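Nothing in this text is a laboratory measurement; each read-out follows from the coordinates by a stated rule. Remember, predicted model here, so these are calculated numbers, not experimental data. Heads up, the Cβs are rebuilt from the backbone with ideal geometry, glycines too, and the neighbour counts pull from every protein chain shown.
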Amino acid sequence: MPTSPEVLEFQRWLRSQCADLGITQSELSHQLGITRATIRSWWLGRSRPSNQNTFKLIRAFEVLGDCEIDHNALPFRVNSCTTSANGAFGIWLLSQLNRHRISLFRLSSST
C-alpha cells in the first residue's frame, strides 16, 4: 500500500526537526514515553502519530529549539493542537522536565 503524501510530509518534517536539534530516535522515544518501534515507524514514513502524539512532538521541539512552531506553516495537518503564544508556564515546565531528564510519559504515569 503506498504511503500518503501527508505521512511523507510528516516524515520529512520529523527528520528535519531531529537533525536540526541533534536528537536521535532513541532520545525522542525516551523523552515522549513512546516506543522506539513507533518512532521508527514515523521515521520510515510507515505511519503518522495520533493528534495527541503530534502535539507532544511539537511541544517538545518548541522547548528544545527554544522557539514557537507556527502550526499553520507545518507541511501536514494538525487537529486541535493549539498552544498559546503566552504559554510561558508550559514552556518552563517542559524545560524543567527536560533538564531533569523526566519524560512527559513518566510524569503522567506517576500521578
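By per-residue mean of other Cβ atoms within 10 Å, what is the highest-first order of 3-10, 17-24?
3-10, 17-24
Mind checking the full-extension length gain between residue 12 and residue 74? Use 0.36 nm per residue of separation minus the Cα-Cα distance, one decimal, nm.
Full extension of this stretch gives 21.2 nm more.
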